[in-house]
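The values are calculated or read from the model by the stated rules, or taken from the named source; none is laboratory data. This structure is a prediction, so every number in the text was calculated from the model and none was measured. Virtual Cβ from ideal backbone geometry, glycine too; neighbours counted across all protein chains shown.
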Amino acid sequence: MNRLQGDIVQIETNGHLSIVSVLVSEAVLLKAIVVETPTTAPYLKEGNTIAVLFKETEVIVGIGPVDGMSLQNKIPCIISQIEKGALLSKLALKTGQAAITAIISSKAVTQLNLTANSKVSAMIKLNEMMLAEL
């Protein structure tokens, strides 16, 4: 499980849903949708430091411009290591001071010509993000 830490900078609420924006670093703003509101979950407060969690298998890896898609969470990364298996590969990604792990198909690694030190974008749908109190 990937775990990043950041500060809540914005909360948009409608009914029982909230989209929470978490600033992890200068270059990384992550958004999560939760079935909570600031009135039902006291940790949902601007300025609070929280953990953002997401599975390794939920990380989409892209190369080149990734602007023309609806994904909200796009993290610029550099591949530090690839463990290539017969079907799946594990990518160790670095973004600033944080580390992210992605598990993608080995065929995708080959098709994208991914190697150590490749610049990529790690992308995660906002409904795949989980928030946790520290």
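For the range 78-91, which residues satisfy the criterion of being among the small types (Gly, Ala, Ser) and part of a strand (DSSP E or B)?
Going through the range 78-91, the residues among the small types (Gly, Ala, Ser) turn out to be 80, 85-86, 89.
Once the filter is applied, which keeps residues that are among the small types (Gly, Ala, Ser) and part of a strand (DSSP E or B), the range 78-91 yields 80, 89.
Of all residues in the range 106-132, count the ones that are without any contact (Cβ under 8 Å) to a residue 40 or more places away in the chain and acidic (Asp, Glu).
So the answer is 0.
For the range 102-133, give me the residue count where each residue is exposed (fewer than 12 other Cβ atoms within 10 Å of the Cβ) and small (Gly, Ala, Ser).
Residues meeting the conditions: 2.
Could you run through the range 8-33 and say how many residues are under 23 Å from residue 101 (Cβ atoms) and not small (Gly, Ala, Ser)?
10
Looking at 108, 102, 86, 98, which is the one that is at pLDDT 95 or above and under 21 Å from residue 32 (Cα atoms)? Before the answer, list the steps.
Working: 108 fails: under 21 Å from residue 32 (Cα atoms); 86 fails: under 21 Å from residue 32 (Cα atoms); 98 fails: at pLDDT 95 or above.
Just a single option satisfies the conditions, and that option is 102.
Which number in (1) in contact (Cβ under 8 Å) with a residue 24 or more places away in the chain; (2) within 18 Å of the chain's Cα centre (by Cα) marks the one condition that residue 67 misses?
(1)
Got a sec? Which of 82, 63 is of a type in the set (A, V, I, L, M, F, W, C), over 19 Å from residue 5 (Cβ atoms) and surrounded by fewer than 14 Cβ atoms within 10 Å (Cβ to Cβ)? Before you say what the answer is, go through the steps one by one.
Working: 82 fails: surrounded by fewer than 14 Cβ atoms within 10 Å (Cβ to Cβ).
63 is the lone residue from the list that is of a type in the set (A, V, I, L, M, F, W, C), over 19 Å from residue 5 (Cβ atoms) and surrounded by fewer than 14 Cβ atoms within 10 Å (Cβ to Cβ).
Pick from 115, 101, 110: which is over 20 Å from residue 28 (Cβ atoms) and not in a helix (DSSP H, G or I)? Outline the logic, then answer.
On the way: 101 fails: over 20 Å from residue 28 (Cβ atoms); 110 fails: not in a helix (DSSP H, G or I).
Just one listed residue meets the conditions, 115.
I need a count of the residues in the range 17-33 that are modelled with pLDDT of 95 or more and not aliphatic (A, V, I, L, M).
Within the range 17-33, residues that are modelled with pLDDT of 95 or more and not aliphatic (A, V, I, L, M) number 3.
This table checks each residue for (1) without any contact (Cβ under 8 Å) to a residue 40 or more places away in the chain; (2) closer than 27 Å to residue 10 by Cα.
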{"site": "88", "(1), (2)": "yes, no"}
{"site": "91", "(1), (2)": "yes, no"}
{"site": "104", "(1), (2)": "no, no"}
{"site": "134", "(1), (2)": "no, yes"}
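Regarding residue 75, is this residue on the phi < 0 side of the Ramachandran plot, at pLDDT below 95 and assigned to a strand (DSSP E or B)? Before you say what the answer is, go through the steps one by one.
Numbers: on the phi < 0 side of the Ramachandran plot: yes; at pLDDT below 95: yes; assigned to a strand (DSSP E or B): yes.
Here the answer is yes, as residue 75 does meet what is asked.
Results for (1) within 12 Å of the chain's Cα centre (by Cα); (2) at positive phi; (3) surrounded by fewer than 19 Cβ atoms within 10 Å (Cβ to Cβ), shown as yes or no for each residue.
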{"position": "23", "(1), (2), (3)": "yes, no, yes"}
{"position": "35", "(1), (2), (3)": "no, no, yes"}
{"position": "43", "(1), (2), (3)": "no, no, yes"}
{"position": "51", "(1), (2), (3)": "yes, no, yes"}
{"position": "86", "(1), (2), (3)": "no, no, yes"}
{"position": "90", "(1), (2), (3)": "no, no, yes"}
{"position": "100", "(1), (2), (3)": "yes, no, no"}
